[in-house]
Amino acid sequence: MRISEFISDFGYLNIRICFFMIIKKLVVGQLQTNCYVLISGATAAVIDPGDEAQKIAETIAGTGAVVEYIINTHNHFDHVGGNAELKSKFGAKILIHGRDAGGRIFADVPLKEGDILDIGDDRLRVIETPGHTAGSVCLSGADFVISGDTLFADGFGRTDLPGGSNSDMAMSLEKIDRVIPEGVTVYPGHGDIFKYRKGMALAWLDYLG
Ligand SMILES: [Zn+2]
């Protein structure tokens, strides 16, 4: 559980805004994908349910929250594999970037840069970060970022699959470093959760020619 608190002081008037979002990490499937269940108030969202939909559903059922959204950071099977089963179970909307939707990848709501998603009392902002796929996104919250397969603790997502691009990835890593503040918690699509330090994403540019 994470609790973050922002305090603004306007003279004698003390305004305190509390963000309260619970983020549960579940590692699912053969490629050990990180699926995240976000809960704010009575509302839940599932990020990247790549596999093991039953396990994810049980985790959510235990919280009593209502699932409004299934959000995919991109369209690879290890991130979307559980979409259909969870949608039929919870009636939630599937959200994925428009460029990664189509064919067998279904979107109720195609995402784009700057979209704001309300989840209970919290909000996620969509940041387009193409490179791993053409429609890869990061999702920015109050003091955290969900980075999909764009940025990991020890590297960046591969660019040699369909829709991948070295030059797009380089621009996305530069963008991440511009827009992500120092110290936010990064929840990647695989591997360990980590704290962002300025310059971290730029360290990989040399590998992208
Ligand atoms: Zn991927």
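Nothing in this text is a laboratory measurement; each read-out follows from the coordinates by a stated rule. Just so we're clear, the structure is a prediction, and the values are computed from it rather than from any experiment. Here Cβ is always computed from backbone atoms with ideal geometry, including for glycine, and neighbour counts include all displayed protein chains.
General remarks:
- Region 99-181: C-alpha gyration tensor shape, a/c 1.5 cut-off, then a/b vs b/c: oblate
- Spatial separation of Cα centroids for region 25-61 and region 118-170, in angstrom: 18
- Under 16 Å from the Cα of K175 - lysines, other chains or at least 8 residues apart: K112, K198
- The ellipsoid that matches the Cα gyration tensor of region 14-126 has semi-axes, each √(5λ) in whole angstrom, of 22, 18, 12, with the longest given first.
- MRE, 222 nm, helices only [DSSP H, n ≥ 4, -39500 (n - 2.57), over the chain, to nearest 500]: -4500 deg cm²/dmol
- Charge tally in the Cβ shell below 12 Å around D177, where Lys, Arg are +1 and Asp, Glu are -1, D177 excluded: +2
- Summarising the strand pairing of the chain, around 70 percent of its internal DSSP beta bridges are antiparallel.
- Amide H contacts under 5 Å for A153, placed H, 5+ residues apart: D192
- Along its principal axes, the chain has C-alpha extents of 55, 41, 27 angstrom, given from the largest down.
- Percent RCO, i.e. relative contact order, over region 2-208, from Cα pairs under 8 Å lying at least 6 residues apart: 14
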